[in-house]
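The values are calculated or read from the model by the stated rules, or taken from the named source; none is laboratory data. Bear in mind that the values here come from a model prediction, so they are computed numbers and not experimental data. Here Cβ is always computed from backbone atoms with ideal geometry, including for glycine, and neighbour counts include all displayed protein chains. With ligands, DNA and RNA removed, areas are computed over all heavy atoms of the protein, side chains included. Shrake-Rupley method; radii C 1.70, N 1.55, O 1.52, S 1.80 Å.
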Amino acid sequence: MQLVVGRIGRAHGIKGEVTVEVRTDEPELRLGPGAVLLTDPAPTGPLTIESGRVHSGRLLLRFEGVRDRNAAEALRNTLLIAEVDPEEVPEEEDEYYDHQLIDLDVVLTDGTEIGRITEISHLPSQDLFIVERPDGTELMIPFVTEIVTEIDLEDQRAVIDPPPGLIDDRAEIASAREESDDESREEDA
């Protein structure tokens, strides 16, 4: 099975190093020297990591055969993909691989069905579940513990407790309208 573990950013310096946006909770395992990674687009790879270091909070990697800034810049926006045993699970209890979360049913704490996770979007600040609703529309649910209260892989579901307006904008607008209507009625009386 293949997992996206990073995305190559811009070149760093003149000796072929690149910045990497890490997309794995296990960078020391997936992005260490000697690791061979597939790429998207495929013709760019495979790439073998020659060396890596952290500089000013950013991971810098150098790949075998990439010796100058131009070669490094040509790799920009390439996704780095690791081959992983499908039975492998993350080391931490509350960590999940994308393939474990895709197709989970999303339900509210009271059991109301919301939809199904079709994609995980990895943003710099947080991850998002892209959820397809039964009517075909999509929702974005932040994958944070305040909202996603439980991941139950055995029952294939993610339980959420969303704040008002996250799932249905109209619920928040309607409640605000009701309050102003109530205030208007009180003033008229």
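Across the stretch 11-42, what is the total count of residues that are part of a strand (DSSP E or B), within 15 Å of LEU79 (Cβ to Cβ) and touching a helix residue (DSSP H, G or I) at 6+ places or on another chain (Cβ under 7 Å)?
Count: 1.
State whether the residues of the stretch 42-54 include one that is among the small types (Gly, Ala, Ser), under 20 Å from HIS99 (Cβ atoms) and out of contact with any Pro (no Cβ under 7 Å at 6 or more places or on another chain).
So far as the stretch 42-54 goes, yes, one or more of its residues are among the small types (Gly, Ala, Ser), under 20 Å from HIS99 (Cβ atoms) and out of contact with any Pro (no Cβ under 7 Å at 6 or more places or on another chain).
Considering every residue within the stretch 68-81, establish whether at least one is out of contact with any Phe, Trp or Tyr (no Cβ under 9 Å at 6 or more places or on another chain) and closer than 30 Å to GLU146 by Cβ.
Yes: one or more hits.
Does at least one position in the stretch 43-58 carry a residue that is touching a strand residue (DSSP E or B) at 6+ places or on another chain (Cβ under 7 Å), part of a loop (DSSP other than H, G, I, E, B) and small (Gly, Ala, Ser)?
Yes; the residues of the stretch 43-58 include at least one that is touching a strand residue (DSSP E or B) at 6+ places or on another chain (Cβ under 7 Å), part of a loop (DSSP other than H, G, I, E, B) and small (Gly, Ala, Ser).
Can you find, within the stretch 97-144, the residue that is farthest from GLN2 (Cα to Cα) among those that are open to solvent by 60 Å² or more (accessible area, probe 1.4 Å), free of Cβ contacts under 8 Å to residues at least 12 places away in the same chain and more than 11 Å from the chain's Cα centre (by Cα)?
ASP110
Residue by residue, here is whether (1) within 24 Å of ASP127 (Cα to Cα); (2) open to solvent by less than 40 Å² (accessible area, probe 1.4 Å); (3) touching a residue at least 60 places away in the same chain (Cβ under 8 Å) holds:
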residue: GLY16; (1), (2), (3): no, yes, no
residue: VAL20; (1), (2), (3): yes, yes, yes
residue: THR24; (1), (2), (3): yes, yes, no
residue: LEU37; (1), (2), (3): yes, yes, no
residue: ILE49; (1), (2), (3): no, yes, no
residue: ARG58; (1), (2), (3): yes, no, no
residue: PHE63; (1), (2), (3): no, yes, no
residue: ALA72; (1), (2), (3): no, yes, yes
residue: LEU80; (1), (2), (3): yes, yes, yes
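Being modelled with pLDDT of 85 or more and surrounded by fewer than 13 Cβ atoms within 10 Å (Cβ to Cβ) is the requirement here; does LEU153 meet it?
So LEU153 fits the description; yes.
Among the residues of the stretch 119-158, what is the count of those that are closer than 22 Å to THR24 by Cα and either touching a His at 6+ places or on another chain (Cβ under 9 Å) or not in a loop (DSSP other than H, G, I, E, B) (or both)?
Summing the residues that are closer than 22 Å to THR24 by Cα and either touching a His at 6+ places or on another chain (Cβ under 9 Å) or not in a loop (DSSP other than H, G, I, E, B) (or both) in the stretch 119-158 gives 18.
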